[in-house]
Every structure is written in C-alpha cells, then in structure tokens.
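Participant: Handing you this structure, nothing more for now.
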Amino acid sequence: MTDIIINNASQPKARLLLSHGAGAGAQSEFMQQLAQQLAAHNIEVWRFNFAYMQRFIDSDKRSLPAKMPLLQQEFMQQLDKCPADLPLFIGGKSMGGRVASLLSSHPGVEAVFAFGYPFHPPKKHSWRTEHFAALACPLFIAQGDRDAFGTKTELAAMQWPKVALHWLTDGDHDFKPRVKSGLTQQQLIAQAAQFCSRKIDEVLLAKQ
C-alpha cells in the first residue's frame, strides 16, 4: 500500500479516511477532485491505495482487486494509523465505500460515506446490501440517479434504518451527467462533498 496522501484543511472539523474504487487509484482525477472539495469544507482527507492497485501503479500490470476480507484488513491497517485528534469518518468511491461500510463497528468511526455505492453489478441483481441491517453507525451514500450499480428507480422502495441516500441529478457511477442536463461532473462532485460536510456536521452536533 502507498503512504497516506493528505489533503489538509485550514480549520479541520473532522478526518475522512477515503479509499478508491476497483479500477482507479487514490490519485485518480475523481479522487483528487473529491478530496479537494472535501478539504474546502474543512474535512481533512487521508487517501491510500489498496495493495493490488499499488502493484498496478508500480508495474503497469493490471490485476483484479483482492477479495473483500483482505481489502477490509488493509483498510483497518490504515484506520489504525489515524490519530485521535479529530473526529474520524471513513468512506470511499464505489468498492472503497463498500469496504468502509463493512467496518462500521470499528472503534472510533463516527459514520461511513460511500460515493457511488455498488449496490449490484450492472445488469445483475446480486445485491451487496446484506450487511446494511447490521450497520453500527450511519452510512451516507451520494449516488448518481443514473448509476448502473443502483439507480434511483431501483432503490425507490428500498429502506434501511441507518442508510441515507443523496441523489445527484443525472449522474452516472462516476457522477458524470449527460451534456443535455446542463450540469458537469465537477458540480456533482462538489454537491457530494457538500452533502458529506452537512452530514458530518449533523453527526458531530448530535454528540454534543
């Protein structure tokens, strides 16, 4: 795994340990934009690569993601490095958000954020939500309403006690809207960061 990549905030109110999706690492354009937007909302962001992604970056030989138990173990190794000076939140893009959601009971974690949750593989109905009923803390999901991994229409009737969904207008799995929407990916990433900031504020206020 890589060293932690930190986006500092001028007056940090919280720390978010953020992991990447299956196909693009911690330094992808999406992850950089998201981290910058979050830092602008006074959220200190710590990013890292899972070991399989770091091997690909180092060797230019693509490999499949590790199995979920190993990804959880690697995420926990990074979690254990986080100091206790700020309230701690965890999350990730797509697969990274799923990994984080499986660690909701880790001591010190206030809430989990998923940026494009992979509810199911595109055009398949093998759902990845079996653990949602047993979440130990809130799971906040920013989701494009056209996301092939879980659309607004598909999820309209779904409810889980600790899960809150925020829909990004016309966004796909990477928060890219169609040109005709009049929106940009950058705008939707900014909206996702604003949602994250609001929910962090709510969680911290509820603790006071």
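Participant: Collect the residues in the stretch 93-140 that are assigned to a strand (DSSP E or B) and either open to solvent by 10 Å² or more (accessible area, probe 1.4 Å) or closer than 18 Å to ASP172 by Cα (or both), keeping them in residue-number order.
Facilitator: Of the residues in the stretch 93-140, the ones assigned to a strand (DSSP E or B) are 93, 109-115, 139-140.
The answer is LYS93, VAL109, GLU110, PHE113, ALA114, PHE115, PHE140.
Participant: Within the stretch 25-44, track down each residue that is assigned to a loop (DSSP other than H, G, I, E, B) and surrounded by 17 or more Cβ atoms within 10 Å (Cβ to Cβ).
Facilitator: Kept after step one, since they are assigned to a loop (DSSP other than H, G, I, E, B), are these residues of the stretch 25-44: 25-28, 41-42.
Hits for the stretch 25-44 are GLY25, ALA26, SER28, HIS41.
Participant: Let me ask you something else. Mind counting the residues in the stretch 58-75 that are in a helix (DSSP H, G or I) and surrounded by 15 or more Cβ atoms within 10 Å (Cβ to Cβ)?
Facilitator: Looking only at the stretch 58-75, we keep the residues that are in a helix (DSSP H, G or I), and these are 58-59, 68-75.
When the remaining residues are screened for being surrounded by 15 or more Cβ atoms within 10 Å (Cβ to Cβ), the result is 71-72, 74-75.
Within the stretch 58-75, residues that are in a helix (DSSP H, G or I) and surrounded by 15 or more Cβ atoms within 10 Å (Cβ to Cβ) number 4.
Participant: Sticking with this structure for a sec: So which residues in the stretch 183-194 are out of contact with any Leu (no Cβ under 8 Å at 6 or more places or on another chain) and either open to solvent by 60 Å² or more (accessible area, probe 1.4 Å) or assigned to a helix (DSSP H, G or I) (or both), if there are any at all?
Facilitator: Looking only at the stretch 183-194, we keep the residues that are out of contact with any Leu (no Cβ under 8 Å at 6 or more places or on another chain), and these are 183-187, 190, 194.
THR184, GLN185, GLN186, GLN187, ALA190, GLN194 - these are the residues of the stretch 183-194 that are out of contact with any Leu (no Cβ under 8 Å at 6 or more places or on another chain) and either open to solvent by 60 Å² or more (accessible area, probe 1.4 Å) or assigned to a helix (DSSP H, G or I) (or both).
Participant: In the stretch 141-159, which residues are under 26 Å from PHE30 (Cα atoms), of a type in the set (A, V, I, L, M, F, W, C) and in a loop (DSSP other than H, G, I, E, B)? Spell out how you get there, then give the answer.
Facilitator: Here is the first cut: in the stretch 141-159, the residues under 26 Å from PHE30 (Cα atoms) are 141-155.
From the residues that got through so far, the ones that are of a type in the set (A, V, I, L, M, F, W, C) too are 141-142, 148-149, 155.
Matches in the stretch 141-159: ALA148, PHE149.
Participant: Right, something else. Working carefully through the options LYS93, LYS81, LYS61, find the one that is among the charged types (D, E, K, R) and in contact with a helix residue (DSSP H, G or I) (Cβ under 7 Å, 6 or more places away or on another chain).
Facilitator: On the way: LYS81 fails: in contact with a helix residue (DSSP H, G or I) (Cβ under 7 Å, 6 or more places away or on another chain); LYS61 fails: in contact with a helix residue (DSSP H, G or I) (Cβ under 7 Å, 6 or more places away or on another chain).
Sole residue among the options that is among the charged types (D, E, K, R) and in contact with a helix residue (DSSP H, G or I) (Cβ under 7 Å, 6 or more places away or on another chain): LYS93.
Participant: So, PRO161, is that one out of contact with any strand residue (DSSP E or B) (no Cβ under 8 Å at 6 or more places or on another chain) and open to solvent by less than 30 Å² (accessible area, probe 1.4 Å) or not?
Facilitator: Numbers: out of contact with any strand residue (DSSP E or B) (no Cβ under 8 Å at 6 or more places or on another chain): yes; open to solvent by less than 30 Å² (accessible area, probe 1.4 Å): no.
The answer is no for PRO161.
Participant: Still on this model: Could you please find all residues in the stretch 49-90 being of a type in the set (Phe, Trp, Tyr) and touching an Asp or Glu at 6+ places or on another chain (Cβ under 8 Å)?
Facilitator: Residues of the stretch 49-90 of a type in the set (Phe, Trp, Tyr): 50, 52, 56, 75, 89.
Within the stretch 49-90, PHE50, PHE89 meet the criteria.
Participant: May I ask you to list the residues in the stretch 1-23 that are surrounded by 16 or more Cβ atoms within 10 Å (Cβ to Cβ) and free of Cβ contacts under 8 Å to residues at least 40 places away in the same chain?
Facilitator: Scanning the stretch 1-23 gives a single hit, ALA9.
Participant: On the basis of being outside any helix (DSSP H, G or I) and touching a residue at least 60 places away in the same chain (Cβ under 8 Å), does ASP174 make the cut? So that I can check it myself, show each step before the final result.
Facilitator: On the way: outside any helix (DSSP H, G or I): yes; touching a residue at least 60 places away in the same chain (Cβ under 8 Å): yes.
Taking the combined requirement at face value, the residue satisfies it.
The values are calculated or read from the model by the stated rules, or taken from the named source; none is laboratory data. What you are looking at is a predicted structure, and each value in this text was computed from that prediction instead of being measured. Here the Cβ is made from the backbone with ideal geometry for all residues, glycine too, and neighbour counts use every protein chain on show. Please note that ligands, DNA and RNA were not included when accessible areas were found on the heavy atoms of the full protein model with its side chains. Shrake-Rupley method; radii C 1.70, N 1.55, O 1.52, S 1.80 Å.
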